1. Local charge sum around residue B:101 (other residues, Cβ-Cβ under 14 Å, Lys/Arg +1, Asp/Glu -1)?
2. Longer than 30 Å from Cα to Cα, which of A:106/B:182; A:72/B:221; B:169/B:221; A:121/B:137; B:40/B:106; A:106/B:137 are they? Say none if no pair is.
3. Return the Rg/Rh value of chain B, two decimal places, where both radii are evaluated on C-alpha atoms and Rh is the Kirkwood radius.
4. Can you run phi through the Karplus equation (6.51, -1.76, 1.60; θ = phi - 60°) for segment A:174-190 and list ³J(HN,Hα) in whole Hz, with x for Gly and Pro?
5. Rounded to two decimals, what is Rg over Rh for the protein assembly as shown when you use alpha-carbon atoms and the Kirkwood radius?
6. With Cβ to Cβ distances under 12 Å as the rule, what net charge do the other residues near residue A:164 carry (K, R +1; D, E -1)?
7. In Å, what Rg and Dmax follow from the Cα atoms of segment A:5-98?
8. At 222 nm, what helix-only mean residue ellipticity would chain B give, in deg cm²/dmol to the nearest 500, using -39500 (n - 2.57) for each DSSP H run of four or more?
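Derivation of every value follows stated rules applied to the coordinates shown; laboratory data play no part. Owing to the predicted nature of the structure, the values given are computational and were not obtained by experimental measurement. Here Cβ is always computed from backbone atoms with ideal geometry, including for glycine, and neighbour counts include all displayed protein chains.
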Protein chains: 2
Amino acid sequence: MKRLRTIHMSVGYDGTEFCGWQVQPNGRSVQGAIEAALAKIGLRDTAVIGAGRTDAGVHALGQVATFQTDSKIPLRAFDAGLNTNLPEDVRILRAAEWPRPLHARKDAREKVYDYYFIQGKTAQPVLSRYCWTIPAKVNLERAAAALAVVRGTHDFSSFCASGSDVEYKERIIEAASLSAVKTQHPLFANVDLYCIRLRGNGFLKQMVRNIVGSVLSSGEKQIDAQTMQDILAARDRRRAGPTAPAKGLFLMQVIY
Amino acid sequence: MKRLRTIHMSVGYDGTEFCGWQVQPNGRSVQGAIEAALAKIGLRDTAVIGAGRTDAGVHALGQVATFQTDSKIPLRAFDAGLNTNLPEDVRILRAAEWPRPLHARKDAREKVYDYYFIQGKTAQPVLSRYCWTIPAKVNLERAAAALAVVRGTHDFSSFCASGSDVEYKERIIEAASLSAVKTQHPLFANVDLYCIRLRGNGFLKQMVRNIVGSVLSSGEKQIDAQTMQDILAARDRRRAGPTAPAKGLFLMQVIY
């Protein structure tokens with residue numbers, strides 16, 4: 001019997017032109033692009049598993065993808081080799097052979113998501129591809145206080161998109177922060193760039209975007225910490241705020 | 001006789017999907033997009049002039065566009081009003097009424113161009129849309145010394161693309177620098193981002209990209225300061241290095 005190797009790949013992509021991570025009948029998916037590139041280097045019908053099934057428009061700097069193969073082709077084929085066969089908006093950043101079988105999604109202990117936004121200005125087009133512009137009147141201190149409420153172990157039903165087939169909706173959020181991003185890059189010269197970072201053991205469908213959309217809701221409707229607690233306790237998606245746009249969201253890191 | 005107003009607009013765009021600034025028979029141009037948006041708010045057949053005729057794929061954070069009109073519609077129509085009629089990859093950042101007639105290109109005293117690049121790594125797709133990745137073996141100190149040669153008044157024929165119909169090729173470069181860009185943005189966490197900035201009274205066709213492509217040429221062929229002087233003195237495009245990709249170039253500022 002041939003020995004099965006487990007390959008662990010770190011993957012970056014610009015999600016703008018993808019229907020998401022997962023293969024869909026008529027969509028251009030990241031998973032589909034990687035499987036097609038694997039076929040081109042001789043590994044036909046290889047199922048690639050992603051740690052996070054990111055939605056359409058969501059980006060990744062540190063997605064993890066795994067697959068198993070009995071092929072003996074050198075590891076180099078799985079970064080440089082795949083990259084020559086992949087479209088420019090997805091890159092294999094690193095490929096490594098894992099010492100034991102690894103399932104990218106089921107074995108992930110924690111994931112880190114970043115959500116980037118700027119406030120109040122007409123955004124430069126080269127910025128607005130990768131961040132959301134929110135109204136000036138959103139109070140960021142109140143947003144940070146509301147965000148802090150999600151830390152810990154909670155049933156996140158109120159922040160789970162309808163259509164999810166997941167039954168068990170308790171997740172642990174280890175860290176939740178809202179901070180200014182300091183940069184001398186002239187791209188950000190006249191704007192204040194902010195980042196909401198969430199680290200947790202798992203995320204429900206559109207959970208990050210629903211949390212961000214809730215804490216950054218504006219004006220009269222802006223949610224404070226007490227209201228955020230009430231929303232969480234209600235376990236009802238209709239109680240939370242709108243879903244923040246996909247373009248500000250990045251899958252940053254997956255921890256095993 | 002109606003009074004002619006001169007409108008001065010600051011314009012940002014992502015050049016990736018444009019054939020460049022200037023209207024072309026079968027291309028999607030920035031100028032064309034702005035003129036079409038002006039038509040939609042009632043200003044048909046208005047000629048918009050850009051300070052820099054950026055090429056296909058070149059971005060802008062601070063392009064300047066001017067036009068004249070006898071319309072009395074409020075200034076607000078020329079930023080918010082135009083933006084609702086423009087595609088997402090171009091935005092009017094500010095619109096102002098200029099106290100005297102102004103020709104965006106002919107009256108420009110100086111322009112600032114930035115060229116962004118990173119070195120040696122497989123670039124994140126969300127980065128590679130806006131910067132060039134160069135080989136690790138390029139010596140950046142030598143590149144900076146070669147770059148310094150372009151400061152001052154020179155005939156830049158060696159760095160002018162063929163097909164330019166400009167006859168007088170002397171230009172003054174007031175500043176030329178190569179520097180590291182410091183940022184805490186996680187997008188740049190594992191890469192070294194650099195910027196070549198040029199400020200001058202005028203730029204020939206593809207001049208910035210030809211200078212950048214020359215000073216960042218790699219390996220045996222890497223150009224030193226003496227060779228750069230020889231190239232400049234030769235006034236012959238064939239002597240200089242390759243043209244750097246458009247995607248790293250940004251028109252940053254126009255000074256009147």
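1. So the environment of residue B:101 carries a net charge of +2.
2. Exceeds cut-off: A:106/B:182; A:72/B:221; A:121/B:137; A:106/B:137.
3. 1.00
4. Each residue of segment A:174-190 in turn: 7, 8, 8, 9, 10, 9, 7, 9, 8, 7, 9, 4, x, 4, 9, 4, 10 Hz.
5. My calculation puts Rg/Rh at 1.01.
6. Surrounding charge for residue A:164 is +1.
7. Calculated on Cα positions, Rg and Dmax stand at 12.0, 35 Å.
8. Dividing the helical sum by the residues of chain B leaves -5000 deg cm²/dmol.
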